[in-house]
Amino acid sequence: MRHFLDTWDWSVDELKNMIDLAFLLKRLDKQGACPELLKGISLGMIFAEQSTRTRVSFEVALEKLGGHALYLRPGEIHLGTGYEGSYDTAKVLSRFLDCVLIRDLDHDSVMSYAKYSDVPVINAMTAYLHPCQAMCDLMTVMEHKPKDKDLKDITLFWVGPTDVEETGANAVSQLFPRLGMSVIYASPEGYTLTDEEAEPSMRAAEEGMGRFIRTTEPEKYIGEADFVYTGCLYYPGYFEEQKEERMKLFIPRYHVNMDLMKKAQPHAKFMHYLPALRDVDVTSEVMDSDYSIVFDQAENRLYSEMAILCTLLYPGLKQASEDLKRHGKAEAEALLSRCLS
């Protein structure tokens, strides 16, 4: 049994296979021929934080694959109430469900739950990593990169906050360089990874012979950008007390606007994991322009997550023979006849 907690837990070849599967499932789904590869599979989705894309896409993903997802909201289950902890909850849910997905900003809580779970666990975002977003981003880059460019020739330029709490940036920088790509962070002093925090990203670059660069000078590297990516400058409930300080510090130098996009490669595309604060993280002019692929990116959450689910769950799927199904149905009907007679 394997979990999907961190892309480091999977080899580059395995991750590429997942993306190949995601593209296949996308093509088949568009043709109305999505295969029910996970018929009868159940997924429990525990969200301690708000979610639009992750919750909806995973629920729809499993439905399309023939399974069923249950939304388990904090306050409606005992986990997190102080009444029942990770161990007991994980052991009980493992008896009911085939897989559990968790979004909780407490990274250690998700890792602890996975340690005790007897079924696969998917990290749906912590305050440290968002591996599902990284897979969606990889799929989107592969879909929109120039046809004459290999992945090793692609540069993703992330401008804005890139510290360890920017989970989207953190996940991308630990994945993309493993495939030979370049990831460049452009942030003011104090808003990027420390040397210690950057170690996994540097290791990724060493493994895949890609590049991971941190800079305070966005002008120096923007001309290399095939993709320009940003995240949230602040978010309702997060960094709101720093709102004025951040806006003064990041805008306009570390901010995605049309002037910045025009300095990137002519084919460059704009990415954001969403939700985006329009005219704060990025101008609406860019968000609604031909540069923007943010909604393609959001759609690819569905198909990359379908591939993750299939990779985790299909190998252990019980495939009963038609004879066993017929025999079992006959036995059940006979017992029901006795009960109802």
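The values are calculated or read from the model by the stated rules, or taken from the named source; none is laboratory data. Just so it is clear, the model here is predicted, and its values are computed rather than measured. Glycine gets a Cβ as well: all are built from the backbone with ideal geometry, and neighbour counts include every protein chain shown. Keep in mind that these areas ignore ligands, DNA and RNA; they rest on the heavy atoms of the full protein, side chains included. Shrake-Rupley method; radii C 1.70, N 1.55, O 1.52, S 1.80 Å.
Results, tabulated for the structure shown:
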read-out: About the Cα centre, charge dipole magnitude for the chain (Lys/Arg +1, Asp/Glu -1 at Cβ), debye; value: 1100
read-out: Accessible surface of Lys149 - all protein chains present, 1.4 Å probe, nearest 10 Å²; value: 50
read-out: Residue-averaged 222 nm ellipticity for the chain, from DSSP H runs of 4+ at -39500 (n - 2.57), nearest 500; value: -13000 deg cm²/dmol
read-out: Volume per residue of the C-alpha convex hull in the range 64-115, rounded to whole Å³; value: 99
read-out: Surface per residue (accessible, 1.4 Å probe) for the range 169-277, Å²; value: 45
read-out: Length gained when the stretch Arg95-Lys39 is fully extended (0.36 nm per residue, less Cα-Cα span); value: 18.4 nm
read-out: Hits among lysines - C-alpha to C-alpha of Lys145 under 16 Å, sequence gap 8 or more where chains match; value: Lys16, Lys269
read-out: Protein accessible area in the chain, 1.4 Å probe - carbon and sulfur %; value: 51
read-out: Cα convex hull of the chain, projected area averaged across orientations, nm²; value: 20.5
read-out: Nearest-20 debye value, the range 1-124 charge dipole, Cβ charges on Lys, Arg, Asp, Glu; value: 440
read-out: Modelled label reach - Glu63, point 7 Å along Cα→Cβ, the range 301-341 residues with backbone N closer than 20 Å; value: 301-310
read-out: Estimated inter-spin distance, Lys30 and Asp108, nm [label 7 Å along Cα→Cβ]; value: 4.6
read-out: Charge-dipole axis of the chain as Lys and Arg at +1 and Asp and Glu at -1 on Cβ define it, positive-most pick from Gly85, Leu105, Val56; value: Val56
read-out: Taking the C-alpha atoms of the range 232-341, convex hull volume expressed per residue in Å³; value: 220
read-out: Whole-number accessible area per residue in Å² for the range 7-137, which is evaluated in the context of all protein chains at 1.4 Å; value: 46
read-out: Calculated FRET efficiency for the pair Glu219/Tyr71, C-beta based, R₀ 30 Å, to 0.05; value: 0.10
read-out: Efficiency of FRET between Tyr238 and Asp150 - r from beta-carbon atoms, R0 35 angstrom, step 0.05; value: 0.40
read-out: Heavy-atom accessible area order for Lys39, Lys147, largest first, 1.4 Å probe; value: Lys147, Lys39
read-out: Using distinct alpha-carbon pairs, which all enter the 1/r mean, Kirkwood radius of the range 147-283 in Å; value: 14.9
read-out: Per-pair calculated FRET efficiency, R0 = 56 Å: Cys339 and Met258 via Cβ, rounded to 0.05; value: 0.20
read-out: Cα-based equivalent ellipsoid of the range 51-184: semi-axis lengths in Å, sorted from largest, via gyration tensor; value: 32, 18, 12
read-out: Relative contact order of the range 85-190, defined on C-alpha pairs under 8 angstrom at six or more residues apart (%); value: 23
read-out: In nm, spacing of pseudo-spin labels at Thr52 and Glu197 (7 Å Cα→C-beta vector); value: 2.6
read-out: Where Cys99, Cys339 fall by accessible area, highest first, once all protein chains stay in place (1.4 Å); value: Cys339, Cys99
read-out: Under 5 Å, built H, 5+ apart or other chain: amide partners of Phe47; value: Leu72, Arg103
read-out: For the range 1-47 and the range 240-304, distance of Cα centres in Å; value: 27
read-out: Most positive-pole-ward Cα, Val12, Ile41, Leu28, against dipole of the range 1-47 from beta carbon charges; value: Leu28
